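K.L.:
Below is one structure. I have some questions about it.
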Amino acid sequence: MSAALETVNLAAGLTGNIASVGYGLAAIGPGVGVGIIFGNGTQALARQPEAAGLIRTNQIMGFAFCEALALIGIVMGYAYK
Amino acid sequence: MSAETMLAFDTECHLFIPGCGFEAPGLHSFVFDPLFKVGGYEFNKPMLLALLSTVVVVWFFWAAFGKAKVVPGKLQMIGEVGYDFVRRGLVYDALGKKEGEKYVPLMVSLFFFVWIMNIWSIIPIAQFPVTSIISFPIGLALIVYILWVYLTFKKHGFVGGWKNITGWDRSLGWVLPLIVVIEFFSNLLVRPFTHAVRLFANMFAGHLLIVMFTIATWYLANGLGFVYAGASFLMTIAMTAFELFIQAIQAYVFVLLACNYVQGALAEHH
């Protein structure tokens, strides 16, 4: 952990690794994003059931793009020990 | 095979035993002692599983299509369903029937190879997703990366290829330099990185979850802790089922993105 982070931890009275807090913050964005994608995907499916295949493919692709951020967050917790 | 080469955690420790505590899974859960060495080259469990995945995929498709009949048998039936799923559901959708046919074998092999490598995560004794070692996804993502960069320059020529990669479009006006820089970084540098990391991190996180609850079950299994161990064990089973779903999704996403990248390379306008 860098010196600056160390100081912040001391000032806030934190002990241990701050990475878990960081991951909590990092998960907010992707969480909202995945919610939007599946919400709108379901809406699209309800409006136009014929296009189910196309919608589902794009839905999963959007989900993958969005989720990548959360996953990078998980890995970074280990990278910045 | 000793415990060190197969499991990566302490098996002696339990709740209420003084002198030891719960050791959460971490990066060390992904490091295995080598099974054997060949001239200084260490061969460990993930490599063995990767080799086995190759054998499984080759064996399955050989058995299914080695002696293909007009009226398919049971195995050929399953093989055809799998092959057609990737061909129609992924390749044809992204690339179209005419252009796509050439890439079907690559995509089918990628899909099943990645899927089998993921599935090792929940197979007893193996219980380790090979793709949670980042070098395996990087290798696979590099194949796709090299393919689409090669296709871009082959299809559009040198100048046209760069225009395709950087999203060159005169009608953008003064925003163009900005777009060129962003697209350059996003396409050439970030894209292969996220392509590999998406698969890796999913399997990494999934394996951590399962290992977490498994170790917790083992650790809690002592005295009164058995009550909690039961709950933890149920979570292990639930997570295993969830992982089965995630593994298939991730293999699907990996190939879906590969198809899209190839499609982007072949497209006239970016």
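Read the figures in this text as sums done on the coordinates, not as results from a lab. Everything quoted here is computed from the prediction, not taken from an experiment. Note that we place each Cβ from the backbone using ideal geometry, even for glycine, and neighbour counts take in every protein chain shown.
K.L.:
So who's got an amide H within less than 5 Å of the one on B:A126, skipping anything under 5 residues away but keeping other chains? H placed 1.01 Å off N, in plane.
P.N.:
Here nothing satisfies the definition.
K.L.:
Something else now. Sequence-distant or interchain residues sharing an amide H contact under 5 Å with B:H14, placed H: which?
P.N.:
Distant-sequence amide H within range of B:H14: zero hits.
K.L.:
Here's something else I'd like to know. Cysteines of the protein assembly as shown lacking any other cysteine beta carbon under 4.7 Å?
P.N.:
Among the cysteines of the protein assembly as shown, those whose Cβ sits 4.7 Å or more from every other are A:C66, B:C259.
K.L.:
Per residue of chain B, what 222 nm ellipticity follows from adding -39500 (n - 2.57) for every DSSP H run with n ≥ 4, rounded to the nearest 500? Intermediate values should be presented prior to the final figure.
P.N.:
Values: 9 runs with 170 residues, N = 270.
Mean residue ellipticity, 222 nm, calculated: -21500 deg cm²/dmol.
K.L.:
Mind listing the phi-derived Karplus ³J(HN,Hα) values for region B:90-107, rounded to whole Hz, using 6.51, -1.76 and 1.60 with θ = phi - 60°, and x for any glycine or proline?
P.N.:
So the Karplus estimates, Gly and Pro as x, are 10, 6, 5, 4, 7, 10, x, 5, 6, 6, x, 3, 5, 9, 4, x, 4, 5 Hz.
K.L.:
Under 18 Å from the 7 Å Cα→Cβ point of B:A221, by amide nitrogen: which residues of region B:22-50?
P.N.:
B:22-25, by backbone N distance to the label point.
K.L.:
Under 19 Å Cα-Cα from B:K155, which lysines qualify once same-chain neighbours fewer than 8 residues away are excluded?
P.N.:
Hits, sequence-local ones excluded: B:K97, B:K98, B:K102, B:K163.
K.L.:
While we're here: Rounding to the nearest 10 and keeping the result within 0 to 90°, find how far the Cα-based axis of helix B:226-266 lies from the longest principal axis of chain B.
P.N.:
The helix B:226-266 is inclined about 10 degrees to chain B.
K.L.:
Show me, for region A:65-70, the HN-Hα J-couplings you get by feeding each phi into the Karplus relation (A = 6.51, B = -1.76, C = 1.60, θ = phi - 60°), rounded to Hz, glycine and proline as x.
P.N.:
After applying 6.51 cos²θ - 1.76 cosθ + 1.60, I find 4, 5, 5, 3, 5, 5 Hz.
K.L.:
With each pseudo-label sitting 7 Å past Cα toward Cβ, what's the A:I36-B:F245 distance in nm, one decimal?
P.N.:
Using points 7 Å along Cα→Cβ, the separation is 2.4 nm.
K.L.:
I would also like to ask the following. At 222 nm, what value in deg cm²/dmol follows for chain A if DSSP H runs of at least 4 each add -39500 (n - 2.57) and the sum is divided by all its residues, to the nearest 500?
P.N.:
On the way: 4 runs with 66 residues, N = 81.
Calculated from helices alone, the mean residue ellipticity at 222 nm is -27000 deg cm²/dmol.
K.L.:
Restrict the search to region B:75-128; then list the GluC sites (Glu not before Pro) that DSSP places in a loop and that have at most 14 other Cβ atoms within 10 Å of their Cβ. Walk me through the intermediate numbers first.
P.N.:
On the way: sites: B:E80, B:E99, B:E101; in loops: none.
Counting only loop positions with at most 14 other Cβ atoms within 10 Å, none of the GluC sites (Glu not before Pro) in region B:75-128 qualifies.
K.L.:
Output ³J(HN,Hα) for region A:38-54: one whole-Hz value per residue in order, computed from phi by the Karplus curve 6.51 cos²θ - 1.76 cosθ + 1.60 with θ = phi - 60°, and x for Gly and Pro.
P.N.:
My calculation for region A:38-54 gives 6, x, 5, x, 5, 4, 4, 5, 5, 6, 9, x, 5, 8, 4, x, 5 Hz in order.
K.L.:
Ok, one more. How charged is the neighbourhood of A:F63? Take every other residue with its Cβ under 14 Å from the Cβ of A:F63, and add Lys/Arg as +1 and Asp/Glu as -1. Walk me through the intermediate numbers first.
P.N.:
On the way: positive: A:R56, B:R198; negative: A:E67.
Residues close to A:F63 contribute a combined charge of +1.
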